[in-house]
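The values are calculated or read from the model by the stated rules, or taken from the named source; none is laboratory data. For clarity, every value in this text was computed on a predicted model and none was experimentally measured. In this analysis, Cβ positions are derived from the backbone assuming ideal geometry, glycine residues included, and neighbour counts consider all displayed protein chains. What goes into the accessible areas is simple: the full protein's heavy atoms, side chains included, and nothing from ligands, DNA or RNA. Shrake-Rupley method; radii C 1.70, N 1.55, O 1.52, S 1.80 Å.
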Amino acid sequence: MLSSIGPFQLLIVLVIVLAIFGTKRLRTLGSDLGSAVKGFRSAVSDADKESTEQIADQSKKDADFDSTPESEPQKDRHKKA
């Protein structure tokens, strides 16, 4: 159904939207949408950069055997009552 939409139908929809909202409102909607997309992209890139830095920091660390607990004596599971 969507494949049958041609340029003439899109032009009609554009004229209807323009009549409903007006040119000034469409400009503000466009700029608001652009700033929202820009903010989303920057947030995604910041999160990606942060996760990459965390992975790099974790790979630098090696196992810390000084802080591991000593072996605990195993409790006898088969106690006779």
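With each label point set 7 Å from Cα along the Cα-Cβ vector, what nm distance links L11 and A43?
Placing both labels 7 Å beyond Cα along the Cβ direction yields 3.9 nm.
With every protein chain in place, what's the accessible area of T52 (1.4 Å probe, Å², nearest 10)?
Only protein atoms counted, so the area is about 80 Å².
For L18, what is the net charge nearby, where nearby means another residue's Cβ is under 12 Å from its Cβ and Lys, Arg count +1, Asp, Glu -1? Spell out each step's value before the answer.
Details: positive: K24, R25, R27; negative: none.
Result for the neighbourhood of L18: +3.
Using a 1.4 angstrom probe on the protein heavy atoms only, line up F8, F21 by accessible area, largest first.
Details: F8 140, F21 105 Å².
In descending accessible area the options line up as F8, F21.
Along the Cα→Cβ direction, 7 angstrom out, place labels at A19 and D32. What is the inter-label distance in nm?
2.3
Along segment 8-14, what does the Karplus equation 6.51 cos²θ - 1.76 cosθ + 1.60 (θ = phi - 60°) give for ³J(HN,Hα), rounded to whole Hz, x for Gly and Pro?
For segment 8-14, the Karplus curve yields 5, 5, 5, 5, 5, 4, 4 Hz.
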